[in-house]
Amino acid sequence: MEILWKVLGNSILNFVVMYGGVRMTDNELKKLKDNLWHASDILRSGAHLSANKYGQPILGLIFLRYADILFKQSKSSIMEEFEKIQGSRIKKTIKEIAIEKCGFYLPEIAYYDYLNDASDDANKAVLVKKAMEAIEDENPKMAGVLPKEVYGQLVPEDYPELLSNIIRIFKDIPENSTVDIFGEIYEYFLGKFALAEGKDGGTFYTPATVVQYMVSVLNPQPGEKKFLDPACGSGGMFVQAARYMHNHNSTKEEQMKFRCYGVEKDPDTVKLAKMNLLLNNIRGEITNANSFYSDPYNAVGAFDYVMANPPFNVDEVVIEKLEGDERFTIYGIPRNKSKSMKKKSDKKETVPNANYLWIGYFATALNKNGKAGLVMANSASDASGSEYEIRKKMIEEGIISQMVTLPSNMFSSVTLPATLWFFDKEKPNTDKKDKILFIDARNIYTQVDRAHRKFLDEQIKNLALITELYNGNTQAYKDLIEEYKQASASAPEESDDKEVFTKSYWQEQIDWIEERFPEGIYQDVIGLCKEATIAGEDGIKDQDYSLNAGRYVGVVIEDDGMTEEEFKDEMKRLNDEFVELSYEANKLESQITENLKRLFGE
């Protein structure tokens, strides 16, 4: 699924498109996506597929529907161009013009109506396979990407019309849909599959709201920029970065210059990522490789941005294969306390933990102006031994710009809170070289269900504002307050619809900001954010170079209104009460023991 297209639309809450001549609200879009998700329910009940294989055929059909609609929308201009050049010196085929106009050529046997109208029997799986093969044949960049063989499992003898029913569901995607809708749908399905698969789903999908916050902090700029994700999964980092730039008014020409480079070791996930790029109009490459042992893009010093959510706590990486590789040696390779430590089987020495291999890799991949954001296990913030030395070197060099502790349960595969690390290669040349911004966001979230949480758009904006103010952008404060005031002006006083935010909701957002930053400039806020320096009392050095936000930000102690003398009196009263209760408890314990002795005649 070699992906080079685009979902550069607004977030779902702000999403409005034309749907059958009327405006599709965010609620209507949600209903459409929920209806489409029903296809996977049908698939689960009737297909002969294992739980982790539902995604391939569903996402493949989303791609087919996307290709069909986009090609239809472009066909008139394709034919107009073809007719225009007839009789001239210009020699172009319809296929060549189609690739220029919409990025690919769609053969007739891959038209969605052709597949939808075919008989509801086992032959439909053959037709879908041939459609996928034809697309790959006509578009070499898609070779080996589209799912083909899996559809044969969607026409079981006891339910041969199953595939037809699923195809009909995706026919409900409106003919006038833009790539924006398809990108939203694809990302929606990736997230749903990740939740359905639990821990395994987390290997290919990072929750969109976490990525959106990371992108907001990085603030990627359009143009001739290179973006690396060496553990890219299904490509969500690239998609959110592209959407961010689109929403911040980058031009189409600037977006076309933006290039993404991903590495993913699982071949099936590589296909998901390539399809994701295509459905979001994103230019780039996805390579199937192990990032520890392969460097397909010559990463050292090559990238403007690096973003990733790598697998945590990997411990089987062979050190011998890393030695001499600048990606890891610039800051150091994590080692066991005894470098000669080996198991009795003479197994080759491995790293005690690969977390700092990733951290070092991200830092070295940046060019002199580069920025990075990564998700990392909390334990890495205080790791000792050789990892401590790597962390100390990075802190003193000044490249770590910000640390953010996330709430727990934000990921389908990790229940404990993770930490976001941010690097900035320009920072050592500024007055912030010896400072790091710490944010504790553990109490900022919205509960999705019992086991999962997420950020709302406003929570992302509020957290990102802290970074903007820290960087001196006071206009961002005014703009966000004004945005909330305008939203409040058009909001209802009350609503029974959970999707509709009332005036009180928007006022709460304004209050949250103004209470913490009343002057409209950055200031440390106990329990939320703190600018820590390397040197000085209680500085980073004094904290043994820890990057745990909790050590610096502190906790909020509610004011109970007591004077010091009143507090002492209250503590004395509580202590006297405790002593009295303890005395009564001891009396009861003695009485119970005596009664038991009598009962059993002892």
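The values are calculated or read from the model by the stated rules, or taken from the named source; none is laboratory data. Predicted, not measured: the structure shown is a model, and the values here were computed from it. Every residue, glycine as well, gets a Cβ built from its backbone with ideal geometry; the counts of neighbours run over all protein chains shown. When the accessible area is computed, the model is the full protein with side chains, heavy atoms only, and any ligands, DNA or RNA have been set aside. Shrake-Rupley method; radii C 1.70, N 1.55, O 1.52, S 1.80 Å.
Just a few scattered comments:
- Asp511 - accessible surface, heavy atoms, 1.4 Å probe, Å² rounded to 10: 60 Å²
- Normalising the average separation of contacting C-alpha pairs (under 8 angstrom, six or more residues apart) by the number of residues puts the relative contact order of the range 309-461 at 21 percent.
- Mean sequence separation of contacting Cα pairs (under 8 Å, at least six apart), scaled by the length of the range 208-338, corresponds to a relative contact order of 28 percent.
- Adding -39500 (n - 2.57) for every DSSP H run of four residues or longer, then dividing by how many residues the chain holds, sets the calculated 222 nm ellipticity at -14000 deg cm²/dmol.
- Charge tally around Ile444: other residues with Cβ under 12 Å, Lys/Arg +1 each, Asp/Glu -1 each, net +3.
- The chain - accessible surface per residue (Å², probe 1.4 Å): 48 Å²
- Take every Cα pair under 8 Å whose residues are at least 6 apart in sequence, average their separation, divide by the length of the chain, and the relative contact order is 12 percent.
- Loop-located trypsin sites (Lys or Arg not before Pro) across the range 345-385 with a Cβ neighbour count of 12 or fewer within 10 Å are Lys347, Lys348, with loop assigned by DSSP.
- Rounded to the nearest 10 degrees, the angle from helix 267-279 to the longest Cα principal axis of the chain is 70 degrees.
- Under the Karplus curve 6.51 cos²θ - 1.76 cosθ + 1.60, θ = phi - 60°, whole-Hz ³J(HN,Hα) for the range 374-385, x wherever Gly or Pro sits: 9, 8, 9, 4, 4, 4, 5, 5, 10, 4, 9, x
- The calculated FRET efficiency for Glu80 paired with Asn165, based on their beta-carbon distance and R0 = 30 Å, is about 0.20.
- Cα extents for the chain along the principal axes, largest to smallest and rounded to whole angstrom: 101, 65, 64.
- Over 14 Å [Cα-Cα, the range 263-315], rounded percent: 63 percent
- Charge sum, other residues only, whose C-beta stays under 9 Å from Ala354's C-beta, Lys/Arg counted +1 and Asp/Glu -1: -2
- Accessible-area ranking of Tyr445, Tyr151, largest first, probe 1.4 Å: Tyr445, Tyr151
- Anisotropy class of the range 231-321 from Cα gyration tensor, a/c 1.5 cut: prolate
- Cα-based helix-to-principal-axis angle, 355-365 vs the chain, degrees rounded to 10: 60 degrees
- Additional length obtainable on full extension of the chain from Asp113 to Val579, 0.36 nm per residue less Cα span: 159.6 nm
- Placed amide H near Lys432: partners under 5 Å, 5+ positions off or other chain: none
- Equivalent ellipsoid semi-axes, the range 353-498, via Cα gyration tensor eigenvalues times 5, rooted, Å: 33, 22, 10
- Rounded to the nearest 10 degrees, the angle from helix 162-171 to the longest Cα principal axis of the chain is 90 degrees.
- Calculated P(r) of the range 480-557 - Cα pairs past 15 Å, %: 67 percent
- Unsatisfied cross-links (Cα-Cα over 22 Å) in the set Lys95/Lys171; Lys435/Lys478; Lys75/Lys148; Lys53/Lys101; Lys75/Lys171; Lys226/Lys425: Lys95/Lys171; Lys435/Lys478; Lys75/Lys148; Lys53/Lys101
- Accessible-area composition of the chain, carbon plus sulfur, in percent [1.4 Å probe]: 48 percent
- Taken as Cα centroids, the range 377-409 and the range 491-540 sit 25 Å apart, rounded to the nearest whole angstrom.
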